[in-house]
Structures are given as C-alpha cells and as structure tokens.
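The values are calculated or read from the model by the stated rules, or taken from the named source; none is laboratory data. These numbers come from a predicted model, not from an experiment. Cβ: placed from backbone, ideal geometry, glycine included. Neighbour counts: every protein chain shown. Protein only, heavy atoms only, side chains kept; ligands, DNA and RNA dropped before computing areas. Shrake-Rupley method; radii C 1.70, N 1.55, O 1.52, S 1.80 Å.
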Amino acid sequence: MAAAEPDTATSAPPKLRADARRNRQKLIEVAALAFAENGAEASLEDIAKRAGVGIGTLYRHFPSREHLVEVVYRRELEAMAGAAAELSEKHPPDVALEEWMRRFVSFMATKRGMSNSLRILMTSHGSMFAEKFGHVRGALETLLVAARDTGAVRGDVDAADVMNALTSIYSIPDTPEWRERSHRLITLLMDGLRCVK
C-alpha cells in the first residue's frame, strides 16, 4: 500500500502561531463531529462555539463552508488510510480488518453529513480526491491480504468486493438507527468473510 502523503490542507500553514494552529486543529476536529452528528445542517457558528473560538476565527482559517468540508474530508481519508497499520499492530488480522470496517462506517457518517458540499468539491478537485481514496482502498487491500494469508478469511474475495459491500451501506436511509444497522451489516459481512473452522 502506498503511504499517505502529508497533506498541506490538514496541517496548519507554517507561519501560524502555536495558539492559531491549535485553534485550527480544534475547528477541524469539532467540524468532523458536527458533520457526522448533524449532517448538512451543521451550523458554522455552532462549530466555532464548540471549538471555543469566535466565528471570525473560523472564517480566517476556512473562508467558506466548502473549504472547511474539504479539509475535514481529507483528514478523514488520511485517518482511514493510516488506521490499517495501527490496527494491525494491536489485533489479529481478521479482527484488524473488522475494526477497520467499523471505522469506515464512522467515516461514511461524516461523509454523509458533507454530501452537498462534497459534490461541489468533486467537480473541481476530483482527481485529488480519487488519489486520496486510492490510499483508503490500499489500506483495505493490505488488511484483507493479511487476513487471507493467515487463513482467517476466505481466499476467493478481493478488496473490490469488500469495498463494494462497504459502500453499499451508504445507501441505507438516514434514520436514527442508521449507525446501529450499519454495524450489524459489518458483522454479517465479517461472518461471510471468515473461514469456517
């Protein structure tokens, strides 16, 4: 898997003071949670308040909602790509794969909340997002191969099959039980992937 490259959009510009860098990172973290919880209705004023800054500070770092969405989405893609190595160190291969897929559900929850703004961004930055998502697919491939090599999961399934199954979860209606239903589907998917002993 190709390692995710450092992203200048998610790291603070080098000339920012330490407190400004902290404010920027806090805004990104709070925005990711707000988009996951409240979807497109997430208020920029509320995001600023929850981050402990004024709305002017938010706009100094992120001149528009789309700019904030872009940075949050890049951060989420990088986190998904980087999670493979972290989970592989902590868990057996099949458990690491399952935990990664559960994180992917959370990633999709955040993406769902940014869908309108993402459509705008994809028009102008499609190739950049395709490259970033390629790192995510690479992470899944790494985890699946490791689980296959130990005999924990079936050998006749590839990463494209699993990614198609995972992305189909996005089509579940956006109801209060969406996340719970999604995790049940991950359990079903893993039951189908694991080798019967």
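Structural remarks
- Rounded to 0.05, the FRET efficiency of the HIS183 and HIS67 pair, given R0 = 35 Å and the Cβ-Cβ distance, is 0.65.
- Peptides ranked, highest mean first, by Cβ atoms within 10 Å: ranges 92-98, 132-138: 92-98, 132-138
- Label sites at ASP19 and ILE172, each approximated as a point 7 angstrom past Cα along Cα to Cβ, lie 4.4 nm apart.
- Proximal lysines relative to LYS49, as straight alpha-carbon distance under 19 Å, when same-chain residues fewer than 8 apart are discounted: LYS26
- The 3J(HN,Hα) values that the Karplus relation (6.51, -1.76, 1.60; θ = phi - 60°) gives for segment 89-105 are, in residue order, 6, 9, 9, x, x, 5, 5, 4, 4, 5, 5, 4, 5, 5, 5, 4, 4 Hz. Gly and Pro appear as x.
- With all protein chains modelled, accessible area of SER64 [1.4 Å, Å²]: 40
- Nonlocal amide H pairs with VAL153, under 5 Å, H built at 1.01 Å: ARG148, CYS195
- Measuring r between the beta carbons of GLU29 and THR150 and using R0 = 35 Å, the FRET efficiency lands at 0.50.
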